[in-house]
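No lab work stands behind these numbers, since they all come straight from the coordinates. This one's a predicted model, so the numbers in the text were calculated from it and none came from an experiment. Backbone-built Cβ (ideal geometry, glycine too); neighbour counts: all protein chains shown.
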Amino acid sequence: MTPDGPAPKVADLDPDSRSELERGQQQARDASTAPPTRRITGSAAGHQPAAGSRLGSGDAGVEAKAGIAVRLEGLRAFYGEAEQVKGIDLEFRANEVTAIIGPSGCGKSTMVRCINRMHEEIPGAHAEGRVLLEDLDVYDPAVDVVAVRRAVGMVFQKPNPFPTMSIFDNVAAGPRLSSRRRGDLRQKVESALRGAGLWDEVADRLDEAGAGLSGGQQQRLCIARSLAVEPEVILMDEPCSALDPIATLKIEELIDELKQRVTIVIVTHNMQQAARVADRTAFMLDGKLVEVGPTQEIFTKPSDPRTEDYVTGKFG
Amino acid sequence: MSAHGASTDRLSRFAVSPARRRRDRLARTGVLVGTAIALVPLALIVYYLLRKGLGAWSVSFFTTDPTGNTFFGGSSIGGIKSAILGTIEIVALASAISIPIGVGVAIWLVEYGRDSWLAHTVRFFVDVLTGVPSILFGLFIYIVLIIGTGSTYAGYKGSIALALLMLPIVIRSAEVILLLVPAALRESALALGAPRWRVILNVVLPTALPGMLTGVLLAVARAAGETAPLLFTAAATLKTNFNLGGFMNSLPVQIYKDVTSPTTAVVNRAWGAALTLVVMILLLNLVARLISRRSRLA
């Protein structure tokens, strides 16, 4: 949670925006129960299934209340000499879901991995520019990379629970490995598993191997694992691409709940998914940010022709 | 039926030609014969070991030291107790030296050195070390620790020679297993805000442990059967000795000495000792297999 302004609660808003917010949530619910095969194209713009910006782009007053959780300033990322991310300025608002879309190889994942400094784990890779977590530059030489990763969690493409650990130990791994055992570990694990919507399914078999769960459960276990560290931001790098539609749906519903607690950045290849879960969507092409805005706008009236071509399936 | 007619037509188009059938049979036979030839010496060794070795086995064979008395019939030549215990002691110390160092080097190579110049150099020298004949390790220790210090043979000097022999095997096998640990596991642990050393200790090593144990036990088995590094480092003695600073008997050296004896009973003792050594190594391999079967990385 950002100290400079909590997420706007329903009660904080004036009646107009409250109804707008509720409408947005209703839409989100509708959208998330819609068949996953539903195509969002320019021609389908009439029935907007997106969650939409729950803050409404035009509502400046409400927007100001939402803090900026992460701000990228002139971010460039390299693999050796090759520049993969070519200067990006972008903001991720607190307690919102921001989707990053774009064709394969456009630098979405690389950009996201720069936020918690996982990019530099790849031999020869480095990043330039600034990534501000609230007002702290995570690339400041004085900043401990380990602390950055505690504040910015990550969920990967393939569910990857630790194979040697039980369900309980998987979730407890974050607090244990980062030597932050303050508080009751059992309590932490339970609340993380509840947060990931997995508690009811695994409560009676916490000692079983995490790898024995189904793919969708494993991915929710991974989400619980990152929640247990109590991050402010969670980065999701195509979290559903290895899952079936039903498991995907569960993760998407989860994302919608999680944004009450954390800021979410989700990289996705699936444009319907972006439309279903994201408040705002950013479109990237060839290492550059083409356009960012409320999801509804990106999918219905994008300002850049390249965005329109992409979301209508003309390339990518 | 017209459908049936069509299907025989198709069958002739898709049928295996007689020439290919012949080639297939030829290749299969060749491979089978090769396997059989390779198995012949193995079967013969096991056969002779059992036939000659089992005859030498008795309770006193395992519970008495060799007496050194081989000339007067009627007096006992003794058993191989000191050799069994000596081998266990020497190899245990060699393992205690080489396994932590070897695993440490492997961790450095995989987790830290990666593609650096130094890592490549280390890998090159480890490979060179793997190819060094075992007698050279004995010679090296002989020159450095016996001639060099003006002292004499000792069990621990044999252990160091064996440790040098084991080191490259441990490093290489541990490195291969560590490389099998998925990078995604390291990433997800790092992304949780775990420091690198904790990731290695709590995630990478437990995942790699069963596989690493297999490699380590194979290195131990290899060292247990080596004669050359012990010949002029630990020497040989008759008495059971628990002091690694003194002379120490060992199975390979005992076999080496006994088999050249003119006395039949002593040669038979060599067979018994050889069978004992093989059984010990077999047990070790069995343990390694059982552990690796439980490995999650296979």
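Based on the Cα gyration tensor of the stretch A:186-276, what are the three equivalent ellipsoid semi-axes, each the root of five times an eigenvalue, rounded to whole Å and given largest first?
On the way: eigenvalues 91, 51, 20 Å².
Equivalent ellipsoid semi-axes, largest first: 21, 16, 10 Å.
Which residues does the label zone of residue A:122 cover in the stretch B:103-123, counting backbone N under 18 Å from a point 7 Å along Cα→Cβ?
The answer is B:114-116.
With r defined as the distance between the Cβ atoms of residue A:130 and residue B:293 and R0 fixed at 35 Å, what FRET efficiency is calculated, to the nearest 0.05? Let's see the in-between values first.
On the way: r = 51 Å, r/R0 = 1.46.
Computed FRET efficiency for residue A:130 and residue B:293: 0.10.
Any idea how far apart residue B:42 and residue A:309 come out in nm if each label point goes 7 Å out from Cα toward Cβ?
6.3 nm
How much of the calculated P(r) for the stretch B:104-216 lies past 18 Å, in percent of all Cα pairs?
59 percent
When Lys and Arg each count +1 and Asp and Glu each count -1, what net charge do the other residues less than 13 Å away from residue A:157, Cβ to Cβ, add up to?
0
Which three numbers, in whole Å and largest first, are the semi-axes of the equivalent ellipsoid of chain B derived from its Cα gyration tensor as √(5λ)?
Working through the eigenvalues yields semi-axes of 45, 34, 17 Å.
Apply the Karplus curve 6.51 cos²θ - 1.76 cosθ + 1.60, θ = phi - 60°, to the phi angles in the stretch B:22-37 and return the couplings in whole Hz, x for Gly and Pro.
In residue order, the calculated couplings are 5, 4, 4, 5, 4, 5, 4, 4, x, 4, 5, 4, x, 4, 4, 4 Hz.
Take every Cα pair under 8 Å in chain B that's 6+ residues apart, average their separations, divide by the length, and report that relative contact order as a whole percent.
Working: 386 pairs, mean separation 74.3, N = 298.
Answer for chain B is 25 percent.
7 Å from Cα along Cα→Cβ at both residue B:58 and residue B:29: what's the point-to-point distance in nm?
It is 5.2 nm.
Can you give the translational diffusion coefficient of the protein assembly as shown in µm²/s, computed by Stokes-Einstein from the Kirkwood radius over Cα pairs at 37 °C and 0.692 mPa s?
111 µm²/s
Got a sec? How would B:120, A:269 order by Cβ neighbour count within 10 Å, fewest to most?
Fewest to most other Cβ atoms nearby, the residues stand as B:120, A:269.
In the stretch B:127-159, what chymotrypsin sites (Phe, Trp or Tyr not before Pro) fall in a loop by DSSP, with at most 10 other Cβ atoms inside 10 Å?
Nothing satisfies the criteria.
Lysines within cross-link reach of residue B:52: Cα-Cα under 23 Å, excluding same-chain residues under 8 positions apart?
List returned: B:81, B:257.
Among B:248, A:165, A:154, which comes first, then next, by fewest other beta-carbon atoms within 10 Å?
Working: B:248 32, A:165 21, A:154 26.
If I rank by nearby Cβ atoms, fewest first, I get A:165, A:154, B:248.
At most 14 other Cβ atoms within 10 Å and a DSSP loop assignment: could you name the trypsin sites (Lys or Arg not before Pro) in the stretch A:79-174 that fit? Working shown, then result.
On the way: sites: A:86, A:93, A:108, A:113, A:117, A:130, A:149, A:150; in loops: A:117.
Of the trypsin sites (Lys or Arg not before Pro), not one in the loops of the stretch A:79-174 has a Cβ with at most 14 other Cβ atoms within 10 Å.
Please give me, ordered by residue number, the trypsin sites (Lys or Arg not before Pro) of the stretch B:197-239 that lie in loop per DSSP and have at most 15 other Cβ atoms within 10 Å.
Within the stretch B:197-239, the qualifying trypsin sites (Lys or Arg not before Pro) (loop, at most 15 other Cβ atoms within 10 Å) are B:239.
Work the Kirkwood hydrodynamic radius out for the stretch B:165-257: mean of 1/r over every pair of different alpha-carbon atoms, inverted, in Å.
The answer is 16.0 Å.
What does the charge count around residue A:192 come to, taking other residues whose C-beta lies under 10 Å from its C-beta (Lys +1, Arg +1, Asp -1, Glu -1)? Numbers along the way, then the final one.
Values: positive: A:188, A:194, A:225; negative: A:190, A:230.
The answer is +1.
As a quick test, which of the pairs A:158/A:288; A:86/A:250; A:86/A:188; A:188/A:288; A:259/A:301 have an alpha carbon distance above 28 angstrom in this structure?
Values: A:158/A:288 26 Å; A:86/A:250 34 Å; A:86/A:188 40 Å; A:188/A:288 39 Å; A:259/A:301 25 Å.
Over 28 Å Cα-Cα: A:86/A:250; A:86/A:188; A:188/A:288.
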